[in-house]
1. Within segment 154-165, take every residue that is buried (at least 16 other Cβ atoms within 10 Å of the Cβ) and of a type outside the set (A, V, I, L, M) and give me the one that is nearest to the chain's Cα centre (by Cα).
2. Go through (1) closer than 24 Å to Asp3 by Cα; (2) part of a strand (DSSP E or B) one by one and return the number of the condition Leu115 breaks.
3. Among the residues of segment 180-203, what is the count of those that are surrounded by fewer than 17 Cβ atoms within 10 Å (Cβ to Cβ), more than 19 Å from Thr233 (Cα to Cα) and charged (D, E, K, R)?
4. Under 7 Å between Cβ atoms, which residue pairs at least 6 apart in sequence (or on different chains) link something in segment 139-167 that is touching a residue at least 40 places away in the same chain (Cβ under 8 Å) with a partner that is surrounded by fewer than 15 Cβ atoms within 10 Å (Cβ to Cβ) and not charged (D, E, K, R)?
5. Could you tell me whether any residue of segment 43-52 is in contact with a helix residue (DSSP H, G or I) (Cβ under 6 Å, 6 or more places away or on another chain), more than 27 Å from Asn258 (Cα to Cα) and part of a loop (DSSP other than H, G, I, E, B)?
6. Determine whether Val219 is β-branched (Val, Ile, Thr), out of contact with any Asp or Glu (no Cβ under 8 Å at 6 or more places or on another chain) and farther than 22 Å from Glu254 by Cα.
7. Of all residues being hydrophobic (A, V, I, L, M, F, W, C) and in a loop (DSSP other than H, G, I, E, B) in segment 152-184, which is nearest to Ser226 (Cα to Cα)? Just the residue, please.
8. Applying the selection to segment 94-115, what residues are of a type outside the set (A, V, I, L, M, F, W, C), over 11 Å from Glu221 (Cα atoms) and buried (at least 18 other Cβ atoms within 10 Å of the Cβ)?
Amino acid sequence: MFDKESYLASINEACSYISSRFDMTGTDTCIVLGSGLGPFTDLVKCVNKISYADIPGFPTTTVIGHSGELILADIEGKKVILLSGRFHYYEGNDMSVCTFYVRVLSKLGIKNLILTNAAGGMLDGMEPSDLMVVTDHISLFCESPLRGPNLDEFGARFIDQSFVYDKDRIALLKATAEKLGIKLHEGVYCYTKGPQYETPAEIRLIKNLGGGAVGMSTVPEAIVASHCGMKVTAVSCITNLAAGISKTALNHEEVLANAAKASTNSCKLVYEFIKQL
């Protein structure tokens with residue numbers, strides 16, 4: 001059973017530890033490095049980093065390609081936090097665990113959350129290694145991360161979800177992609193619990209609901225970030241065409257291979273976007 005007081009105490013303990021290791025002065029942006037964004041760390045100057053295992057209350061990540069480090073980085077004079085590896089519901093975590101880092105970073109003063117992910121594509125004209133900026137999400141398959149006692153310190157009980165993904169940031173990301181000559185789709189991201197991939201029938205349902213890409217992360221974090229008053233931007237790396245659209249069986253090796261193929265464009269896009277925030 002969710003214990004509100006213990007959870008808040010864990011958040012405060014994690015904040016105290018991170019503050020003792022990182023100088024957060026002037027740092028208001030966090031980038032979550034999903035599959036394919038691992039090489040982003042090579043583009044920035046590392047100021048300091050902490051293993052998740054050392055942060056009180058932080059879970060560990062079990063997914064290949066997620067290194068499990070919190071990094072304080074410098075991007076041309078702008079300090080940002082990089083979250084190298086996230087926590088998924090399918091790993092056996094409660095939603096409060098999956099989104100714990102969002103609460104901690106909010107308490108540390110992070111106002112801008114940039115989420116990246118690997119996703120299956122459904123839009124006409126999509127190809128593996130394409131990118132998509134998320135304009136909205138479908139959370140029907142997602143257990144609400146706000147379920148249970150409300151954390152009044154962060155936000156109200158009932159939170160509007162009309163503007164989870166900041167419109168100005170979407171426009172800026174699209175303009176940045178155009179300037180760089182990077183193909184960027186825009187569409188709705190749909191969350192599924194995983195770890196199994198979706199069935200062709202499920203993909204037909206999601207596509208009929210207006211979904212453009214489907215994946216197993218991002219939405220819980222975006223919901224909690226909206227509860228914390230953060231501005232959210234999300235980018236999906238299309239690592240495969242979704243079931244029933246793809247001509248072959250889906251597998252994680254394909255996801256990793258196409259994420260690596262898209263890495264150059266996704267890293268370049270996020271880097272330039274951060275410079276302009």
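1. Out of the qualifying residues, it is Tyr165.
2. Tallying (1) closer than 24 Å to Asp3 by Cα; (2) part of a strand (DSSP E or B), Leu115 fails exactly one: (1).
3. 1
4. Close Cβ pairs (under 7 Å, with a partner that is surrounded by fewer than 15 Cβ atoms within 10 Å (Cβ to Cβ) and not charged (D, E, K, R)) amount to Gly148/Phe2; Pro149/Phe2; Gly155/Gly229.
5. Looking for residues that are in contact with a helix residue (DSSP H, G or I) (Cβ under 6 Å, 6 or more places away or on another chain), more than 27 Å from Asn258 (Cα to Cα) and part of a loop (DSSP other than H, G, I, E, B), one finds none in segment 43-52, hence no.
6. Yes, satisfied.
7. So, considering only residues that are hydrophobic (A, V, I, L, M, F, W, C) and in a loop (DSSP other than H, G, I, E, B), the one nearest to Ser226 (Cα to Cα) is Val164.
8. First pass over segment 94-115, keeping only residues of a type outside the set (A, V, I, L, M, F, W, C): 94, 96, 99, 101, 103, 106-107, 109, 111-112.
Still in the running and over 11 Å from Glu221 (Cα atoms): 94, 106-107, 109, 111-112.
Passing the criteria: Ser106, Lys107, Asn112.
The values are calculated or read from the model by the stated rules, or taken from the named source; none is laboratory data. Since the model is a prediction, treat every value here as computed from it, not as a measurement. Neighbour counts run over all protein chains shown; Cβ positions are idealised from the backbone, glycine included.
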